[in-house]
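Visitor: One structure, as structure tokens, below. Some questions next.
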Amino acid sequence: MQDAHHSPSPDFSGLWIPLVTPFRDHAVDHAALAALAEKLAATGIAGFVVCGSTGEAAALDEDEQMAVLATVAAAAPSLPRIMGLSGYHLGKTLAWVRKLSGCGLAGLLVPAPSYIRPSQAGLEEWFGAIADASAVPLLVYDIPYRTGVAIERETLLALAAHPRIRGIKDCGGDMAKTRALIADGRLQVLAGEDAQLFATVAEGGAGAIAASAHLQTERFVKVLRLLEEGRLAEARAEWQPLLPLIEAMFSDANPGPLKAALAARGLMQDELRPPMTRVPPERRQRLLDTLQGLSRP
Ligand SMILES: O=C(O)C1=N[C@H](C(=O)O)C[C@H](O)C1
């Protein structure tokens, strides 16, 4: 795995963990965050996505986001970090991107602006302006069910011409689009939909950003390695037991189930920032029973 920040040709392949942000009594629990990052850093992952949707970044102010980033950097200094962005005020976003330029990031994960449903031309301008302002490469985050707008294939191919737009976190739910991007070859395609990890990488994708891989991390890493080595049957045998885990992790809004599972392992409090809520007790028990059925940690 190359260091994406210092390499002239960044490599975002492999498994990236979009870290949860632990809370305790409404504040970020930096001790739990550091311990989690340290633990995950020893599993063979490519790096961390900090302040993604799993990290509840929309509920963190700028100072909190900076502090979260600093904690992860200190806990796992050898691993690259990608920072998630959110919001739809272009001026504020560009100022934030410039502020992040000195933070030693490997890249930025940039979604389409939420709620306002811009045109494809508007999206091209949005990503182009952020890429122009950024000192580090961008991964475009295509997640229409959260943002309200799909980034179309032609738009993504146009964005691929920008020297700093280097990959996509693909939650688009459109395998034809995924295949077209893989065939084009200019953007590294990372599965962003956990259940699509195997299919995307088997078809030539570079890796994944998968929240459920906070658990069973080594097994996820192994699936990707086996696929990369072309050992399909062995990869499938490792992958299939992960499917109930993935289903359980998305049985309520992410990161609710994940935080319930991590809390049950004593790794943090089961606490989310409003308006996100904990998994209710009746579903929580079913979730923990499912996880108990899986062998490794
Ligand atoms: O935070 C992320 O990055 C991820 N977000 C997706 C989501 O919550 O919609 C899920 C994916 O596993 C990682």
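Visitor: Against the definition (surrounded by fewer than 21 Cβ atoms within 10 Å (Cβ to Cβ), under 19 Å from the mean Cα position of the chain (by Cα) and assigned to a helix (DSSP H, G or I)), how does Ala95 come out, yes or no?
Guide: no
Residue-by-condition table, conditions (1) in contact (Cβ under 8 Å) with a residue 24 or more places away in the chain; (2) under 26 Å from Ala34 (Cβ atoms):
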{"position": "Trp239", "(1), (2)": "yes, no"}
{"position": "Phe250", "(1), (2)": "yes, no"}
{"position": "Pro255", "(1), (2)": "yes, yes"}
{"position": "Gln269", "(1), (2)": "yes, yes"}
{"position": "Leu272", "(1), (2)": "yes, yes"}
{"position": "Arg278", "(1), (2)": "no, yes"}
{"position": "Thr290", "(1), (2)": "yes, no"}
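Visitor: Can you run down the residue pairs with Cβ atoms below 8 Å, 6 or more apart or on separate chains, where the first is in the stretch 147-173 and in contact (Cβ under 8 Å) with a residue 60 or more places away in the chain and the partner is among the charged types (D, E, K, R) and assigned to a strand (DSSP E or B)?
Guide: Pairs that qualify, where the first residue is in contact (Cβ under 8 Å) with a residue 60 or more places away in the chain and the partner is among the charged types (D, E, K, R) and assigned to a strand (DSSP E or B), are Lys169/Asp142.
Visitor: Among the listed residues Ala150, Ala160, identify the single one that is surrounded by 15 or more Cβ atoms within 10 Å (Cβ to Cβ), of a type in the set (A, V, I, L, M, F, W, C), farther than 16 Å from Gly52 by Cβ and within 16 Å of the ligand (Cβ to nearest atom).
Guide: Ala150
Visitor: Only helices (runs of 4 or more DSSP H) wholly contained in the stretch 193-297 count here; list those with 2 or more residues that are modelled with pLDDT of 95 or more. Give the derivation first.
Guide: Details: elements: 197-202, 217-228, 232-239, 243-249, 256-264, 281-292.
In the stretch 193-297, the matching helices (runs of 4 or more DSSP H) lie at 197-202, 217-228, 232-239, 243-249, 256-264.
Visitor: Identify the single condition in (1) within 21 Å of Lys259 (Cα to Cα); (2) small (Gly, Ala, Ser); (3) within 16 Å of the ligand (Cβ to nearest atom) that Ala67 does not satisfy, given that it satisfies every other one.
Guide: It is condition (3) that Ala67 fails.
Visitor: Just the residues that are in contact with a helix residue (DSSP H, G or I) (Cβ under 6 Å, 6 or more places away or on another chain) and within 16 Å of the ligand (Cβ to nearest atom), please, taken from the stretch 84-106.
Guide: Within the stretch 84-106, Gly84, Ser86, Gly87 meet the criteria.
Visitor: Have a look at Ala248, Ala264 and point out the one that is away from the ligand (no atom under 16 Å from the Cβ) and in contact with a Leu (Cβ under 6 Å, 6 or more places away or on another chain). Show your work before the answer.
Guide: Working: Ala248 fails: away from the ligand (no atom under 16 Å from the Cβ).
Being away from the ligand (no atom under 16 Å from the Cβ) and in contact with a Leu (Cβ under 6 Å, 6 or more places away or on another chain) holds for just one of Ala248, Ala264, which is Ala264.
Visitor: For a quick check of your reading of the model, give me the residue pairs whose first member lies in the stretch 215-228 and is of a type in the set (Phe, Trp, Tyr), whose second is outside any helix (DSSP H, G or I) and at pLDDT 95 or above, with beta-carbon atoms closer than 6 Å and at least 6 apart or on different chains.
Guide: Taking only residues 6 or more apart or on different chains, the pairs are Phe220/Leu15.
Visitor: Ok, one more. Consider the stretch 107-146. How many of its residues are part of a helix (DSSP H, G or I), within 16 Å of the ligand (Cβ to nearest atom) and free of Cβ contacts under 8 Å to residues at least 60 places away in the same chain? Full working, then the answer.
Guide: Of all residues in the stretch 107-146, those part of a helix (DSSP H, G or I) come to 120-133, 144-146.
The next check asks that each one be within 16 Å of the ligand (Cβ to nearest atom); those that pass are 144-146.
After this cut, where a residue has to be free of Cβ contacts under 8 Å to residues at least 60 places away in the same chain as well, the list is 144-145.
Selection size over the stretch 107-146: 2.
The values are calculated or read from the model by the stated rules, or taken from the named source; none is laboratory data. Just so it is clear, the model here is predicted, and its values are computed rather than measured. Neighbour counts are summed over all protein chains in view; Cβ atoms, including those assigned to glycine, are modelled from backbone coordinates with ideal geometry.
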